[in-house]
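Enquirer: Before I ask anything, let me first share the structure, which is written out below as structure tokens.
Nothing in this text is a laboratory measurement; each read-out follows from the coordinates by a stated rule. Because the structure is predicted, anything quoted here is derived from the model rather than measured. Note: ideal-geometry Cβ built from the backbone for every residue, glycine included; neighbour counts use all protein chains shown.
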Amino acid sequence: MGQFLNKGNKKFAELVTSKYFVDKTVLINKLLKKDGTEKFICNSRARRFGKSVTADMLVAYFSKGAASKELFEPLNCEKNALFMRNMNQYDTIFVDIQAQFVQAKKKKLEPSNYIEKILVQELRAAYQEIVSEDDTIADALAKIYNETENQFVIIFDEWDYPVREIEEGSQERTDYIEFLRGLFKNSDAKEYIRLAYLTGIMPIVRTKGQSAVNNFVEYTMTNPMDLAQDIGFTQEEVWFLCEKFGMGFDQMKEWYNGYNLNGIAMYNPLSVVRALSAGRFQQYWATTGTYGDIDDLINMNFDGLREDIIKMLSGNRIPVNVSNGKNDLQSFKNKSEVITALIHLGYFAYDADMKEAYVPNKEIQEVFYQYMEDNENDNLSRFMRFSEKILNAVMEGDFGQTARLIQSVHNDFVSGIEYNDENSLSCTIMIALISAFRYYHKPIREFPCGKGFADIVYLPLRNHPNRPVIVVELKWDKSADAAISQIKKKQYPESLREYAGDILLVGIDYDKKTKEHVCQIESLGL
């Protein structure tokens, strides 16, 4: 057992005994069925989505010399002939690329050469009569296979770190690409590799100079294919954990649900586990890093980027083209590339059927709002303060001020083509009241209550029970009074009493000819 070669099953054995363990071992059965060109796999997911845990599982299963039969026996994987025949039968190389780059820099060594040298040393120790100290890693693997027919499983965690974080054109990045090319693109690779499994955050981008991994099949946050539910927690798995530990599933869902992978609702495991451990629903995402990603990307301020981010934070969705995404965090050309990067990083979610991006849950909302509190002078922060003025005007019943401020939001956020679209007014109201997140759940459109459906309803959070329910009814070319009358006629307030004591009725009319807004506000007490 070495630092990289055949590390064994200790880490996975510790995980299996954890009280928060979720069994994802069916992934092994799926991978075993992939052969030929399919056995080169790049499975990218957002941070803290369980990528490294999965890598530990694969190391435990494939590593030659480990004895994992009893470990896997009670787990969900199908123990068929294929599974049993491949267990612990392969020399398995595992490298945490980011960790080794950091280690090499501490030693003032070139990272790719450092990694390759240690790998060759460990292979030479295991195959003294075959491998020489002058061999490259590819030479060593090819020679071992030719002499013994032993195949290798190669697992790189955070494979994309040098591409994602190191400036394009740097020698370190160029050397790393050459290292990958030598290992995976030579003519012998298909023979000496049984499985190559790369995990990272950003997807592979097929560009000149990065063709070292273009023979890999990609599974991403935007296109996870048949591995959608194998990284991260499914809704059923989260529900089971909530039942087991007595946590409220509805709150768990609101805080951490929202990632849509092939139509499957997926949760970030780190946040779920920390909520279970602490017994508290809050934002755990940013405790694992900084706001550097969104700070740098948002401040690029491509045309319309700020507006689209605010639309998503308010609960709306925006169309996005993810086909031209980047795998670094420097060379962006337009806002679609920035938003696509934020999807892969986990800050936004993506609906592949509708081709729309959106903020997945309350936790990510909190990440952005905390970012805005720490960056008071950027465009997002300034708009948040503007939204707070609108919310205060609503609470104070100042319908004139409310109408004027909503008019301003409508002018800024809705294009001339969409201005008279009926859906645009709903979007405008949600954008205008974006600051309500501090006191309210995500706004609900077409909320069923009374004898119909309220256009927009804001329900107060549990820790703000004194806040009124806000019911918004929208009209076009009629009157704000007519909107208030409809709320009462259809008995919306009666069915909303369970959520709060007071109810605030907000009627808004938009005149398509004059493009003016008129507002009426009425408070109903207990």
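Enquirer: So if we plug the beta-carbon distance of residue 124 and residue 303 into 1/(1 + (r/R0)^6) with R0 = 60 Å, what FRET efficiency do we get, rounded to 0.05?
Expert: Values: r = 56 Å, r/R0 = 0.93.
FRET efficiency, residue 124 to residue 303: 0.60.
Enquirer: Hey, if you put +1 on the Cβ of every Lys and Arg and -1 on every Asp and Glu Cβ in the stretch 233-374, which of 338, 240, 313 ends up farthest toward the positive end of that dipole?
Expert: The Cα lying farthest towards the positive end belongs to 240.
Enquirer: Just report the Cα centroid separation between the stretch 456-526 and the stretch 243-283, whole Å.
Expert: Cα centroid of the stretch 456-526 versus Cα centroid of the stretch 243-283: 31 Å apart.
Enquirer: Straight-line reach from residue 143: which aspartates and glutamates have a Cα under 15 Å away, not including same-chain ones fewer than 8 places off?
Expert: Straight-line reach from residue 143, under 15 Å: 91, 122, 129, 133, 134, 135, 188, 191.
Enquirer: Moving to a separate point now. Rounded to the nearest 0.05, what FRET efficiency do residue 185 and residue 446 have when you use their Cβ-Cβ distance and R0 = 60 Å?
Expert: Numbers: r = 53 Å, r/R0 = 0.88.
So the FRET efficiency works out to roughly 0.70.
Enquirer: When only C-alpha pairs under 8 Å and at least 6 residues apart count, what is the relative contact order of the chain, in percent?
Expert: It comes to 11 percent, rounded to a whole number.
Enquirer: Which residues' amide hydrogens lie under 5 Å from the amide hydrogen of residue 233, considering only partners 5 or more residues apart or on another chain, with H built in the peptide plane?
Expert: 267
Enquirer: Equivalent ellipsoid semi-axes for the chain, as square roots of 5 times the alpha carbon gyration tensor eigenvalues: give them largest first, rounded to whole Å.
Expert: On the way: eigenvalues 540, 126, 64 Å².
Three semi-axes, in Å: 52, 25, 18.
Enquirer: For the stretch 233-374, calculate the relative contact order in percent as a whole number, restricting contacts to Cα pairs under 8 Å that are 6 or more residues apart. Intermediate results must be reported in sequence, preceding the final value.
Expert: Numbers: 171 pairs, mean separation 36.8, N = 142.
Contact order relative to length: 26 percent.
Enquirer: Please check which bits of the stretch 66-107 a label hung off residue 175 would reach, taking the label as a point 7 Å along Cα-to-C-beta and the cut-off as backbone N under 19 Å.
Expert: Only 95-107 fall inside the zone, counting backbone N under 19 Å.
Enquirer: To make sure I understand the rule: partners must be lysines, Cα under 28 Å from the Cα of residue 244, and not fewer than 8 residues away in the same chain. Which ones qualify?
Expert: The reachable lysines, counting only those whose Cα sits under 28 Å from residue 244, are 10, 11, 19, 24, 51, 69, 79, 253, 362, 442.
Enquirer: Taking the stretch 1-84, which GluC sites (Glu not before Pro) meet the DSSP loop condition and have no more than 10 other C-beta atoms within 10 Å? Please list the in-between numbers first.
Expert: Numbers: sites: 14, 38, 70, 78; in loops: 78.
Hits after loop and neighbour filter: nothing returned.
Enquirer: For the pair residue 334 and residue 69, how long in nm is the line joining their label points, each one 7 Å along Cα→Cβ?
Expert: Calculated label separation equals 5.8 nm.
Enquirer: Can you give the relative contact order of the stretch 10-228 as a percent, counting alpha carbon pairs under 8 Å and 6+ residues apart? Walk me through the numbers before you get to the answer.
Expert: Numbers: 307 pairs, mean separation 65.2, N = 219.
For the stretch 10-228, the relative contact order is 30 percent.
Enquirer: Additional query: Classify the stretch 379-524 as rounded, prolate or oblate from the Cα gyration tensor: take a ≥ b ≥ c as the square roots of its eigenvalues, call it rounded if a/c is under 1.5, otherwise prolate when a/b beats b/c and oblate if not. Walk me through the numbers on the way to the answer.
Expert: Values: a/c = 1.75, a/b = 1.20, b/c = 1.47.
Cα axes put the stretch 379-524 in the oblate bin.
Enquirer: Taking the Cα centre of the chain as the origin, how large is its charge dipole in debye, to the nearest 20, when only Lys and Arg (+1) and Asp and Glu (-1) carry charge on their Cβ atoms?
Expert: Values: 63 positive and 75 negative charges, 156 e Å.
In total the dipole reaches around 760 debye.
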